[in-house]
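Presented below is the structure to which this report refers.
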Amino acid sequence: MTQALFRSDKQPSGQLFHNNEFMNDLRLQMLKFAILQVRNEALAEDAVQDAMLSAYQNIDRFNRQAALKTWVFAILKNKLIDILRKEKRYTNASILEEGASLNDEALIDHLFTENGHWQKDERPQKWYEPDHGVESKHFWRIFDTCLEALPAKYSRFFMMREFLELDTNEICDNEEVTVSNLNTTLFRARLRLRECLEDNWFQGENNT
Amino acid sequence: MMKCTQATQLLSEKLDRPLSNKEKMNLGIHTAMCPACRQFGKQMLSLRDISQRYVKQSDREERGDNT
Ligand SMILES: [Zn+2]
């Protein structure tokens, strides 16, 4: 009997707000994203709560789960930009991003030969991921550090794709970038992340 | 033959869009012969898996369930 109440495909968004599992997942996704953007847990927590509250107050406008997620996220993003602006960090973003594209060239030169093949020393190694290893606090600390080391735009796109699990079109609409620009940025973000993890975790593991 | 720089980019894009038949074929030929790019492809999948665990991970911590 009770199952029938929840089975409907056209679940109104208002009900989603009472779906604890969905809301908890959404909150965690937003929180991870917010913390890495503003680098301050209290500010991030406030921004996420504000965003969810504004969404709830204007719920009538939305009726699809995917739409709800992108929409709450768009509200959150504006709040984060306000925070960064207040802290005068936002204005530096474009400078950081310009610097990053130079570093990309350097990274690609470092990883590949002139002919576009892997340098012998840089060939990707097998990653051994014992559950207790990947789940250990140490690993997550390294993962955090590697994420934080990414240029702001890279980590934003990467997190939208992999944490919030938004699809390409949703990200492009939100961020006003072209698909090919997004794909290239995601590639570079992943290239850097894997390099960072391989240098700081997986290689260390294999060597000991 | 496709270069590793191109193959790695496609191995990343594969996670974001469906590849064309031509891309699939060229990438398939490349990875069949290039163990490094094959490994890179596996790492791309691991990265996605790790990211999803990362998001869920604070869930456990917040509940104080460390096992
Ligand atoms: Zn290759």
Problem set entry | Qualifying position, being under 22 Å from the mean Cα position of the chain (by Cα), at pLDDT below 60 and assigned to a helix (DSSP H, G or I), among A:E148, A:E97 | A:E97
Seminar exercise, completed: Filtering segment B:31-44 down to residues that are among the hydrophobic types (A, V, I, L, M, F, W, C), over 19 Å from A:T185 (Cβ atoms) and either at the interface with another protein chain (Cβ under 10 Å from one of its Cβ atoms) or outside any helix (DSSP H, G or I) (or both) yields B:C34, B:A36, B:C37
For this session: Name, by its number, the condition in (1) open to solvent by 80 Å² or more (accessible area, probe 1.4 Å); (2) outside any helix (DSSP H, G or I); (3) at pLDDT 90 or above that does not hold for A:E165.
Result: (3)
Problem set entry | In segment A:119-144, the residues that are open to solvent by 20 Å² or more (accessible area, probe 1.4 Å) and at pLDDT below 85 | A:Y128, A:E129, A:P130, A:D131, A:H132, A:E135, A:S136, A:K137, A:H138, A:R141, A:D144
Problem set entry | Every residue from segment B:2-30 that is at the interface with chain A (Cβ under 10 Å from one of its Cβ atoms) and not in a helix (DSSP H, G or I) | B:M2, B:K3, B:L15, B:D16, B:R17
Seminar exercise, completed: Pairing a residue in segment A:68-80 that is under 17 Å from A:L36 (Cα atoms) with any residue that is modelled with pLDDT under 80 and assigned to a helix (DSSP H, G or I), where Cβ atoms lie under 6 Å and the two sit 6 or more apart in sequence or on different chains, gives A:L80/A:Q37; A:L80/A:V38
For this session: Specify the residue that is least open to solvent (accessible area, probe 1.4 Å); the eligible residues are those in segment B:1-56 that are within 11 Å of the ligand (Cβ to nearest atom) and of a type in the set (K, R).
Result: B:K3
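The values are calculated or read from the model by the stated rules, or taken from the named source; none is laboratory data. Model, not experiment: these values are computed from the prediction. So basically every Cβ, Gly included, is an ideal-geometry build from the backbone, and we count neighbours across all protein chains shown. For accessibility, only protein heavy atoms count, side chains too; no ligands or nucleic acids. Shrake-Rupley method; radii C 1.70, N 1.55, O 1.52, S 1.80 Å.
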